[in-house]
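Okay, structure first, notes after.
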Amino acid sequence: MPLNGIRQHSNNILDKILMLTLTPYSPELNPIEKTWANIKKYMRSILPSYDNFTDVLLVLFLF
């Protein structure tokens, strides 16, 4: 959760929660980055070339 000083981020409830800050760019600590990597790996396995990918997109959008 971004902590930027707004009222919702500075209430008493948050005083009981330990907040850990991440470095500005730390993809290895961000779970969604692993998810995107898995999605990319899967997409590359079913569409090994860019030409196939564009062909599939054209077929889908033309119908």
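Descriptive notes on the structure:
- Looking across segment 32-59, the residues that are surrounded by fewer than 11 Cβ atoms within 10 Å (Cβ to Cβ), part of a helix (DSSP H, G or I) and at pLDDT below 80 come down to ILE46, TYR50, ASP51.
- Within segment 33-60, residues that are at negative phi have Cβ atoms under 7 Å from residues that are surrounded by 10 or more Cβ atoms within 10 Å (Cβ to Cβ) and in a helix (DSSP H, G or I) in these pairs: GLU33/PRO27; LEU47/PHE53; LEU47/VAL56, counting only partners at least 6 apart in sequence or on another chain.
- Odd one out for SER10, checked against (1) surrounded by 10 or more Cβ atoms within 10 Å (Cβ to Cβ); (2) of a type in the set (S, T, N, Q); (3) modelled with pLDDT of 75 or more: (3)
The values are calculated or read from the model by the stated rules, or taken from the named source; none is laboratory data. Quick caveat: nothing in here was measured; it's all calculated off a predicted structure. Note that each Cβ is placed from the backbone with ideal geometry, even for glycine, and that neighbours are counted across all protein chains shown.
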